[in-house]
1. What's the carbon and sulfur percent of the stretch 132-183's accessible surface, probe 1.4 angstrom, rounded to a whole number?
2. Measure off 7 Å from each Cα along the Cα-to-Cβ vector at Ile253 and Thr188, then give the distance between these two points in nanometres to one decimal.
3. Residues in the stretch 172-186 near a label at Thr129, defined as backbone nitrogen under 12 Å from the 7 Å Cα→Cβ point?
4. Across every pair of different alpha-carbon atoms, what Kirkwood hydrodynamic radius in Å does the stretch 143-233 reach?
5. Determine the gain in length on full extension of the stretch Lys162-Val201; use 0.36 nm per residue of separation and subtract their C-alpha separation, reporting nm with one decimal.
6. State the extension gain, in nm to one decimal, for the chain segment bounded by Val228 and Ile68, taking 0.36 nm per residue of separation less the distance between their alpha-carbons.
7. May I ask you to derive the FRET efficiency for Thr83 and Asn43 from their Cβ-Cβ distance with R0 = 35 Å, giving the value to the nearest 0.05?
8. Can you give me the long-range amide H partners of Glu223? Hydrogens built in the peptide plane at 1.01 Å from N, cutoff under 5 Å, separation of 5 or more residues or another chain.
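The values are calculated or read from the model by the stated rules, or taken from the named source; none is laboratory data. Because the structure is a prediction, the values reported are computed rather than measured. Cβ: placed from backbone, ideal geometry, glycine included. Neighbour counts: every protein chain shown. To get the accessible areas, we keep the full protein, side chains included, count just its heavy atoms, and leave off ligands, DNA and RNA. Shrake-Rupley method; radii C 1.70, N 1.55, O 1.52, S 1.80 Å.
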Amino acid sequence: MGLPMHGTRPSSPAVRGLLLFLCVLVGCAAEQEVENLSGLSPNPEKVIFAVRENETTCLMAEFAARFIVPYDVWASNFVDMITEQASIPLSRGAEEQGKCGPHESEIEIFWAKRAYSLRLSFLKEGRNTSRGPEAWWKLSRVQFVYDSSEPTYFKDAVNPGKHTATTHRISALVTPAGKSYECQAQQTITMTSSDHQKSVVLLLSEVRLQPFDISSDFEYGEEHKCPVDQREQLEETLPLVLGLILGLIIVIILGVYHLHLKMTASTQVQIPRDRSEYKHMG
């Protein structure tokens, strides 16, 4: 005969209170989920992700990414090794996970049956200045894990297997707090690989990011454009501004010239066409 089971149900107030106390004591992560919204972009190489915490968007990211990865293969004599390059795009059908915090946020993306993964870590910092407190966020670390035995982009790699490329600590994409970072131009981030310290290059373009302080659900804050985009925008608008200024100068010159002609004509003595009128002159 089985012994009767006695105990407190998990839903009892005592257990709930104990769980709440333990949660406060050790810190419990809020429920977070990541949504893949890449289908909203017409660019097939662009990904769009949103990390949500307690049904509120806390991190948004969209960009196109490609990795240039050097790897060794045997030369035709099977004695020497030569270096090839794999060009690996970030897949739109990727899996993702992320986490948000007041000062640190992160998103991690997996694709090709987890043969590849990209982790972007963000840091929010601040300081007191003579103008008052200032805060900003930045991309602080990039990590890319790749499997050189995956045959889609690697062909007969020597010593195939998983390798990790990382930037360690960096300060990139620096943006004022409360704003989103935007850059259409291509940017380059270089990482060092565990595969004989080779340099792996991440090419980013069409970037829009905001890992902190999102005030409205699924809505970016005011954009902070990268210097390249600002320069390109200036180069595009400068000819238009110069053209408008030149047109205005021409209009002013023509107006002054027309006014000068009228004033000159009004001061000139009219010579009569009929000679009989000459007697009335003088």
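1. 51 percent
2. Between Ile253 and Thr188, the simple spin-label model gives 4.5 nm.
3. 176-177
4. 15.6 Å
5. 12.4 nm
6. Stretched fully, the Val228-Ile68 segment lengthens by 55.4 nm.
7. Once the sixth-power term is evaluated, E becomes 0.70.
8. Amide H neighbours of Glu223: Ser180.
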